[in-house]
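Structure, as structure tokens:
The values are calculated or read from the model by the stated rules, or taken from the named source; none is laboratory data. Everything numeric in this text was worked out from a predicted model, so none of it was measured. Ideal geometry is used to build each Cβ from the backbone, glycine not excepted, and the neighbour counts take in all protein chains shown. Areas reflect the complete protein model, heavy atoms only, side chains present, ligands, DNA and RNA absent. Shrake-Rupley method; radii C 1.70, N 1.55, O 1.52, S 1.80 Å.
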Amino acid sequence: NWSGSLIVASLTGAFGSSFLYGYNLSVVNAPAAYIKKFYNETWERRYGFSLDESSLTLLWSITVSVFAIGGLVGAIIVTPIVKFFGRKCTLLLNNVFAVTAALLMSLSFLAGSFEMLILGRIIMGVDAGISLSALPMYLSEISPKEIRGSLGQVTAIFICIGVFTGQVLGLPEIFGQESRWPYLFGAIIVPSLIQIVILPFLPESPRYLLLERHNRSKAEKAFQTFLGKDDVSHEVEEVLAESRVQRNTKLVSVLQLLRTHAVRWQVITVVVTMGCYQLCGLNAIWYYTNNIFSEAGINHETIPYVTLSTGAVETMAAVFSGLVIERLGRRPLLIGGFGLMVVFFAVLTVSLTLQKTVHWLPYLSIFCILAIIASFCIGPGGIPFVLTGEFFQQSQRPAAFMIAGTVNWLSNFAVGLLFPFIQGGLQTYCFLVFAAICFAGATYLFFVLPETKNKTFNEISQAFAKRNKVSLEMQEMNHYPGERKSSAEQESNFTSSVDNGETKKGIV
């Protein structure tokens with residue numbers, strides 16, 4: 001099932017998209033002191049006095065947090081973009097934001113303008129907001145259902161690789177020096193250029209071509225390319241079966257999706273999983289890492305190299321999840337990941353509270369940090385993106401990803417805004433807050449989430465039908481009210497509309 005074109009499409013799409021998201025999460029950590037110095041010197045040169053410590057901290061906090069604001073903007077605008085341009089072309093056009101942001105941030109030091117760096121972070125956030133919706137959408141639509149989960153995990157794997165790459169390039173021997181930190185941001189251009197060169201030679205999503213562009217011939221060619229076989233009649237028929245259930249392919253708006261009773265629990269589940277994805281406390285772990293390593297007696301100069309272990313563990317856990325997701329399923333990995341995080345957050349709280357009384361407890365804290373990171377990447381780190389692509393029909397998917405992206409980025413911003421206050425008030429007990437969130441998420445998923453492994457989109461809809469209090473037949477009526485026709489007549493109407501890309505008859 002893994003054709004060469006499918007592998008190239010997933011790797012190229014992820015390298016120029018989710019990789020950059022992960023990279024920009026970690027790239028600001030290593031040069032933070034040098035960038036703050038640049039801010040202070042620029043301010044003093046302009047206004048004749050230095051920034052006080054609180055103002056400098058505020059300016060730096062804005063630089064870090066505006067990435068999430070840009071991400072929210074990207075998540076909001078992605079729906080009309082993927083509708084008009086398609087999935088692949090959206091990924092290609094998104095590189096305009098990445099290249100523009102890279103140039104602004106890398107040239108800010110030379111131009112003596114910290115505003116360029118802040119503006120670049122916002123634009124880079126827009127790129128991330130678009131890519132984290134368009135990429136999972138593209139991957140879910142080009143992959144066979146037998147490997148849809150594994151291919152979807154490519155998004156999470158490349159986020160982890162991006163974080164790890166940012167840590168490596170930030171080492172003092174590479175770009176982690178005062179004179180070289182702009183190169184950290186200039187390096188963003190490389191993945192974008194690689195994607196611009198390779199992705200145009202790969203097909204658009206066949207489901208998009210068939211259901212939204214009504215071009216059967218191009219859709220068949222795309223299926224043949226991605227699946228590596230000539231006979232794709234079964235795959236085309238599977239998509240046509242979905243179209244018969246939908247009865248037309250008019251895209252649903254966010255408001256319409258929220259009002260649709262037949263997908264109510266799918267929407268709630270996406271909101272819960274994406275909210276827990278950001279609120280589960282992994283950002284807090286990154287905040288504490290250096291302090292915990294220092295308490296364990298690790299030399300300050302050695303800490304950046306030891307921190308690489310967190311990125312390595314994150315990457316290995318994500319790869320492991322991608323290898324086993326089609327065997328174990330989404331449900332046990334997601335629930336198990338949140339459950340393990342609860343356990344290790346509790347142990348970490350105890351070890352941090354008592355580490356000054358027992359000499360070996362700091363090492364237990366290090367183990368807990370690595371275990372929490374691994375638990376997150378095994379399930380919660382990537383499966384929410386996979387589920388968002390699996391829960392909804394073609395016409396609902398862009399709106400669903402917009403909802404998921406909005407929840408993701410608002411939660412990201414909330415963590416960045418509120419965590420310092422939570423940490424200041426609760427100290428080491430702040431991790432119990434995250435343990436409670438993980439426990440609530442795991443409990444909800446245990447009772448609500450069905451297994452979606454190796455199921456078609458219609459079968460997944462049927463799994464939710466009982467909870468939504470509608471049958472599959474009622475889902476048809478709920479989605480698209482109107483006079484019902486026989487399946488044979490519906491198929492005839494649809495087939496007449498996708499003959500070699502020329503619309504001949506409207507879909508009833």
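Considered as a group, the residues in the stretch 279-314 that are assigned to a loop (DSSP other than H, G, I, E, B) and not polar (S, T, N, Q) include one that is modelled with the highest pLDDT, and that residue is C280. Test of understanding: among I372, I335, which residue is modelled with pLDDT of 90 or more, in the same structural domain as Q423 (by the TED database) and open to solvent by less than 10 Å² (accessible area, probe 1.4 Å)? Criteria check complete, one pass: I372.
To keep it simple, each residue is scored yes or no on (1) among the basic types (K, R); (2) on the phi < 0 side of the Ramachandran plot; (3) in contact with a helix residue (DSSP H, G or I) (Cβ under 6 Å, 6 or more places away or on another chain).
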residue	(1), (2), (3)
V27	no, yes, yes
S50	no, yes, yes
L58	no, yes, no
L103	no, yes, no
S106	no, yes, yes
R121	yes, yes, yes
A128	no, yes, yes
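Taking (1) in a helix (DSSP H, G or I); (2) modelled with pLDDT of 85 or more; (3) within 19 Å of G329 (Cα to Cα) in turn, N458 satisfies each apart from (2).
Checked against the criteria, E146 does not count as in a helix (DSSP H, G or I), open to solvent by 20 Å² or more (accessible area, probe 1.4 Å) and within 19 Å of V99 (Cα to Cα). One residue stands out in the stretch 185-239 among those that are crowded, with 18+ Cβ neighbours inside 10 Å and hydroxyl-bearing (S, T, Y): the one that is farthest from F15 (Cα to Cα), namely Y208. Within the set A111, A30, A134, the sole residue that is within 23 Å of I161 (Cβ to Cβ) and open to solvent by 40 Å² or more (accessible area, probe 1.4 Å) turns out to be A30.
Answer yes or no: is there a residue in the stretch 77-96 that is in contact with an Asp or Glu (Cβ under 9 Å, 6 or more places away or on another chain), among the β-branched types (V, I, T), assigned to a helix (DSSP H, G or I) and under 27 Å from A399 (Cα atoms). Among the residues of the stretch 77-96, at least one is in contact with an Asp or Glu (Cβ under 9 Å, 6 or more places away or on another chain), among the β-branched types (V, I, T), assigned to a helix (DSSP H, G or I) and under 27 Å from A399 (Cα atoms), which makes the answer yes.
Scan T63, T79 and give me the residue that is under 22 Å from the mean Cα position of the chain (by Cα), more than 26 Å from F175 (Cβ to Cβ) and at pLDDT below 95. Testing whether each residue is under 22 Å from the mean Cα position of the chain (by Cα), more than 26 Å from F175 (Cβ to Cβ) and at pLDDT below 95 leaves just T79.
Of the numbered criteria (1) open to solvent by 40 Å² or more (accessible area, probe 1.4 Å); (2) at pLDDT 90 or above, the one N95 fails is (1). Residues in the stretch 395-424 that are β-branched (V, I, T) and under 30 Å from V239 (Cα atoms) were compared, and the one that is surrounded by the fewest Cβ atoms within 10 Å (Cβ to Cβ) is T406. Applying the criterion of being among the hydrophobic types (A, V, I, L, M, F, W, C) and more than 19 Å from F338 (Cα to Cα) to the residues of the stretch 259-274, the residue that is most open to solvent (accessible area, probe 1.4 Å) is W265. Applying the selection to the stretch 298-327, what residues are without any contact (Cβ under 8 Å) to a residue 24 or more places away in the chain and either in contact with a Lys or Arg (Cβ under 8 Å, 6 or more places away or on another chain) or more than 24 Å from S365 (Cα to Cα) (or both)? V324, R327 - these are the residues of the stretch 298-327 that are without any contact (Cβ under 8 Å) to a residue 24 or more places away in the chain and either in contact with a Lys or Arg (Cβ under 8 Å, 6 or more places away or on another chain) or more than 24 Å from S365 (Cα to Cα) (or both).
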